[in-house]
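The values are calculated or read from the model by the stated rules, or taken from the named source; none is laboratory data. Treat the numbers as computed from the prediction; the structure is a model and nothing was measured. We place every Cβ from the backbone using ideal geometry, glycine too, and count neighbours over all the protein chains shown.
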Amino acid sequence: MPSFAVERTLGRLARWLRIMGFDAVCESDATRPEYPGGKDEGRVRLTRIVTVAGQGADGPRLLIRSDHLPEQLREVVQALHIDLSDVRLFSRCLKCNRPIAAIDKGQVRSRVPDYVWENQDQFSQCPKCRQIYWPGTHAARSLNFIKQVFGDQQSPRFE
């Protein structure tokens, strides 16, 4: 599975890579010295800067040409030969990029809205920032969007 270092100007792309289950460090989430930019981590650097694209001393760099999110995702998917079977929907924290883990419903009672607690049975939590996640109406919309990016491949797995 590829991992990514994503420049600040591609923040929405980084978020969608996380939704799809990919490790995507975003420049806007870290202070400049902390942003790896692909160095020493085997990350593919996603950039909008033409002079930065290509193979650098610090690893592969992929120039993202499109201004539109669906096309940006297609560029990444096609360039890296990512298959829909590689997608692990909602398996990473959207805020801090860590893998999330299932948590017992009883442990989130006071941390989610009452309606959500009463109507959902599955919850996950980020071990770092403690953000709580549950499958809501956004899951179906996200799945449809990702299907458009990949075309007629099989459906991705929910984690």
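A few points about this structure:
- Screening P36 on (1) modelled with pLDDT of 80 or more; (2) part of a loop (DSSP other than H, G, I, E, B) shows it passes everything except condition (1).
- Note on the range 47-159: enclosed strands (runs of 3 or more DSSP E) holding 2 or more residues that are modelled with pLDDT of 90 or more and out of contact with any helix residue (DSSP H, G or I) (no Cβ under 9 Å at 6 or more places or on another chain) are 101-103.
- Any hit, the range 99-122, residues being under 20 Å from the mean Cα position of the chain (by Cα) and under 13 Å from L17 (Cβ atoms): no
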